[in-house]
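Below is the structure I would like to discuss, written out as structure tokens.
The values are calculated or read from the model by the stated rules, or taken from the named source; none is laboratory data. All values reported here derive from a predicted model rather than from experimental measurement. Here the Cβ positions follow ideal geometry from the backbone for every residue, glycine too, while neighbour counts run over all protein chains shown.
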Amino acid sequence: MISPAEAMVLIRRHAVKPKIKIARLGECLGAVLAADIRAPFPMPVADNSAMDGFVIRSKDAGLASVKNSVRLKIIGTLKAGDSKQVHLVSGTACRIMTGAFMPQGGDCVIAKEDAVIVGNHLIVKHSVCEGQHIRRRGEETRKGQKLLTQGVILHPARIGILATFGYARVPVYCKPKVAVLATGSELVTPGKKLSRGKIYDSNSWMVCAALERMGIDPSRVLTLRDDRGKVKKAILDVLRESDYLLLLGGVSVGDYDVVKDALKQSGVKTIFWKVSQKPGKPLFLGRKYKKVVFGLPGNPAAVFTCFYEYVYPALRQTMGFVRPGLEEETVKVSGRVLPDSKRCLFLKAKMEVRSSWRLPKARILSHQGSHMLSSLAEADGFLKVPASGNSAPNKKGFQMDFLPYEVDGEKDVK
């Protein structure tokens, strides 16, 4: 049996290596960028108007004032997207819209609300300065400047940047192909009638929902009875087409826990089996060629814990995330904690934050049993309680690590 830290080292070492693909922009939301992206041209690409108004030559306005106004002839209109050429000469002005390129000779813009129009002439009654209300070529971005760094997550604003610079396709890290196989002769699909001794299969639905939240559409989802031959066949079939296989249940030491034998007969090499933690002790990690197999215990809370503590970071490492695991936060424990002398505990907890507190607090929830799911509906993370050895129980207010799994958005990896 190994520690959770030792398990994570082995998982990082054996995770499927990231692969790169060139993806269409519409497929990139939430993906990790696989290369630096640079600006193919400056932004703005040319001097353009920052406002609706009139473009003039600043020297034509001179020292214009209410008593000494300047009269300029309006010779045309420029709109955003116009490609026509306009040349301003002395005594002329041009109507211009926001974003339209500056005409040759024009070097300042008078805002529409400040303009006085008489017939086909602009009357300038105030002094102006060169560059007024003009966006200069390259003032935001230089040609060749780095726009996005390899490893960032492509959220909507970054996709907007890529589109702004004409990128229709970009290199991103591929999402792995993940298959889910739940075992147990007692399992029944939700919606069907339960007979005596049967339970509804919650594990595969829960894990598939977690995968979909990561943007991963499971390649296969199967539920099988505790039949060693059928489980072995399913393992071999699934591994031909998947990067990861997640086995739910059947990895303990019961007489009908057939998964470990089926894995051995399928040629899956054991990396480790059993981790000194609660819940989730009978966790299995194996490998066949370049395919990775996780065997998760059958109890629902153990499945959930092992998924987020071990499977989640492995999948995200394959997806190119630099910091793939749950990000630990230091919290104060609002109740008394009784650690286990030999095993690390992952307790379902609810974080509470107040502006007057230096640290957030974690409230340990009831119903901590590995077979109990109800407290997970309220929890937003795990309180990680290291094995205590021979030390005394922790007092109220003790500081510990909290692993939030219920996140609304992703943080940057760099």
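Return the pairs, sorted by first residue and then second, in which the second residue is loosely packed, with under 13 Cβ neighbours inside 10 Å and part of a loop (DSSP other than H, G, I, E, B), the first residue lies in the range 352-369 and is in the same structural domain as residue 300 (by TED's automatic domain parsing), the beta carbons are less than 9 Å apart, and the residues are 6+ apart or on different chains.
Pairs found: none.
Are there any pairs, at least 6 apart or on different chains, whose C-beta atoms fall under 7 Å, with the first in the range 184-197 and over 22 Å from residue 296 (Cβ atoms) and the second of a type in the set (D, E, K, R) and surrounded by 10 or more Cβ atoms within 10 Å (Cβ to Cβ), and if so, which?
Cβ pairs passing all conditions: 197/186.
Can you tell which of 115, 31 is under 30 Å from residue 288 (Cβ atoms) and either of a type in the set (D, E, K, R) or buried (at least 16 other Cβ atoms within 10 Å of the Cβ) (or both)?
31
Taking the range 315-341 only, how many residues are at pLDDT 90 or above, closer than 24 Å to residue 400 by Cα and among the small types (Gly, Ala, Ser)?
So the answer is 1.
Moving on. Test residue 36 against the criterion of being outside the structural domain of residue 271 (by TED's automatic domain parsing), touching a residue at least 60 places away in the same chain (Cβ under 8 Å) and under 30 Å from residue 112 (Cα atoms), and give yes or no.
no
Another question, if that's okay. Which condition does residue 86 not pass, out of (1) of a type in the set (Val, Ile, Thr); (2) in contact with a strand residue (DSSP E or B) (Cβ under 8 Å, 6 or more places away or on another chain); (3) touching a residue at least 40 places away in the same chain (Cβ under 8 Å), if it passes all the others?
All conditions are met except number (3).
Which ones in the range 83-105 are within 15 Å of residue 49 (Cβ to Cβ) and either touching a helix residue (DSSP H, G or I) at 6+ places or on another chain (Cβ under 9 Å) or in a strand (DSSP E or B) (or both)?
Listed by number, the residues that qualify are 88, 93, 94, 95, 96, 101, 104.
Can you tell me how many residues within the range 118-140 are part of a strand (DSSP E or B) and out of contact with any strand residue (DSSP E or B) (no Cβ under 7 Å at 6 or more places or on another chain)?
1
Is there a residue being surrounded by 15 or more Cβ atoms within 10 Å (Cβ to Cβ) and of a type in the set (Phe, Trp, Tyr) anywhere in the range 188-203?
No, there is no match, as no residue in the range 188-203 is surrounded by 15 or more Cβ atoms within 10 Å (Cβ to Cβ) and of a type in the set (Phe, Trp, Tyr).
Another one. I need the full set of residues from the range 315-374 which are under 30 Å from residue 290 (Cα atoms), assigned to a loop (DSSP other than H, G, I, E, B) and in contact with a helix residue (DSSP H, G or I) (Cβ under 7 Å, 6 or more places away or on another chain), in order please.
Of everything in the range 315-374, those that are under 30 Å from residue 290 (Cα atoms), assigned to a loop (DSSP other than H, G, I, E, B) and in contact with a helix residue (DSSP H, G or I) (Cβ under 7 Å, 6 or more places away or on another chain) turn out to be 324, 325, 326.
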